[in-house]
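See below for the structure under consideration.
The values are calculated or read from the model by the stated rules, or taken from the named source; none is laboratory data. Only a predicted model underlies this, so the values are computations on that prediction, with no experimental measurement involved. Ideal geometry is used to build each Cβ from the backbone, glycine not excepted, and the neighbour counts take in all protein chains shown.
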């Protein structure tokens, strides 16, 4: 999950208007009879916290980002050491138990959930910053904000997403887009080493030179397919201040089309220092709300000059505002609440490789305008820059040169009774774009509706990913509904 609750303090009312209202209620477990479990592994409390539905702490570990997919496991094992993870892998394999692997709990389709056993990595919380070597080493249970905060203390940063409670593990292994993406690449592009426990409980150190195929697969192949990653080492760089910006419009569909077309022409070709996002939503009476936000590591003068044509094309409803912020204040600026939020949600995604035609834009805006206010947000993340400078075959993440932007169709709500209508809204807008887009999708925006999901996520990299899966997990111990399949040939 990159930025499902992405907010911008320039327009506080914008997030709920586009369906980003956070849940403000506590999650309580559904009534559930505990499954019959074999004797638990002999692990000390210093290595693992075992939780069953009868334990007082059980509910406090239950919440996931998507209430629509949340499950109550018969056993949650919150691992505090790599050894505990290895023991748990051996235990579930030996006892033929189904299990999920939980880090941040932001899988859109609940792939980190299980009714039986959850191997929970939130006990792996260490963060070590080495400014001399230019690296940070983090446990698989830390959140993006945890890392941002520690790096900011050293005047450093790394490229990653905006949602503060997203776990590092799934984020980096699926790619990881954020507001430093065009200047510094995806999160997987700065990955230097992964520590992974394999299906036999052995510890592997994957780098470009040691277990290189596994390392390659961990840079965009998604989580939950090859083993359980327990630690990551990533490159960092000095960064103290950035310029953030935001500008809004509320326009008729024809005028909104002019803004959107100007953005899609400019954003992927802007200076690498600038990463922007265009957000669309229904504004009522057939009109469209648009919000362009982003940041630059360049000068404020350069940013203002780059945005001039966009902001003067149509009169904004909220004028352009640029602020020079410390990097950590920038993180907070776009993060919204730093506490964990749970909502019902559904999302789908597309990749755009050629500018959308006027007909495609018109159909997109018409479909968005037909949705009730608050029923959907369409978020377009600009690509290009450093993302496209990496060859398609160099990482498992395939959407490189020639990719202009990613579209996320997102809706969230707080009442389960509204699920059908919100899911239908997302489906209708996504369907309107089928004549125009090839169906490529982002694995971190996983979507169970996709028919050819493996090809949609990984494209030409799928055969190699399938071979890595067969080599490192021959019995397919680590699997979920959209884990890397075996037996795919070139």
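Kindly indicate whether residue 387 is within 28 Å of residue 214 (Cβ to Cβ) and buried (at least 20 other Cβ atoms within 10 Å of the Cβ).
yes
Here are 192, 219: which of them is crowded, with 20+ Cβ neighbours inside 10 Å and within 22 Å of the chain's Cα centre (by Cα)?
219
Sort out which residues of the stretch 29-47 are surrounded by 10 or more Cβ atoms within 10 Å (Cβ to Cβ) and at pLDDT below 95, and write them in order of number.
29, 30, 32, 34, 35, 37
With respect to residue 206, is the statement that it is free of Cβ contacts under 8 Å to residues at least 24 places away in the same chain and buried (at least 24 other Cβ atoms within 10 Å of the Cβ) true?
Judged against the criteria, residue 206 is a match.
Select from the stretch 48-75 the residues that are surrounded by 15 or more Cβ atoms within 10 Å (Cβ to Cβ) and in a loop (DSSP other than H, G, I, E, B) and list them in ascending order.
Once the filter is applied, which keeps residues that are surrounded by 15 or more Cβ atoms within 10 Å (Cβ to Cβ) and in a loop (DSSP other than H, G, I, E, B), the stretch 48-75 yields 53, 58, 62, 63, 64, 65, 70, 71, 72, 73, 74.
For residue 149, state whether it is under 19 Å from residue 229 (Cα atoms) and surrounded by fewer than 24 Cβ atoms within 10 Å (Cβ to Cβ).
No, not satisfied.
So which of 147, 118, 129 is within 25 Å of residue 448 (Cβ to Cβ) and not in a loop (DSSP other than H, G, I, E, B)?
118
Quick check on the stretch 396-418: of everything there that is in contact with a strand residue (DSSP E or B) (Cβ under 8 Å, 6 or more places away or on another chain) and part of a loop (DSSP other than H, G, I, E, B), which residue is surrounded by the most Cβ atoms within 10 Å (Cβ to Cβ)?
399
Looking at (1) crowded, with 22+ Cβ neighbours inside 10 Å; (2) touching a strand residue (DSSP E or B) at 6+ places or on another chain (Cβ under 6 Å), can you tell me which one residue 364 breaks?
Going through (1) crowded, with 22+ Cβ neighbours inside 10 Å; (2) touching a strand residue (DSSP E or B) at 6+ places or on another chain (Cβ under 6 Å) one by one, residue 364 breaks only (2).
Go through the stretch 150-164 residue by residue and tally those that are over 25 Å from residue 443 (Cβ atoms) and assigned to a loop (DSSP other than H, G, I, E, B).
The number of residues fulfilling the criteria is 3.
Looking only at the stretch 442-459, count how many residues are crowded, with 21+ Cβ neighbours inside 10 Å and either in contact (Cβ under 8 Å) with a residue 60 or more places away in the chain or part of a loop (DSSP other than H, G, I, E, B) (or both).
8
Look through 439, 384, 401 and report the one residue that is under 30 Å from residue 193 (Cβ atoms), in contact (Cβ under 8 Å) with a residue 24 or more places away in the chain and touching a helix residue (DSSP H, G or I) at 6+ places or on another chain (Cβ under 6 Å).
Just one listed residue meets the conditions, 384.
Among the listed residues 280, 290, 310, which satisfies the condition of being over 25 Å from the mean Cα position of the chain (by Cα), buried (at least 19 other Cβ atoms within 10 Å of the Cβ) and not assigned by TED's automatic domain parsing to the domain that holds residue 134?
310
For residue 462, only one of the following conditions fails: (1) buried (at least 19 other Cβ atoms within 10 Å of the Cβ); (2) touching a helix residue (DSSP H, G or I) at 6+ places or on another chain (Cβ under 8 Å); (3) not assigned by TED's automatic domain parsing to the domain that holds residue 188. What is its number?
So the condition that residue 462 fails would be (3).
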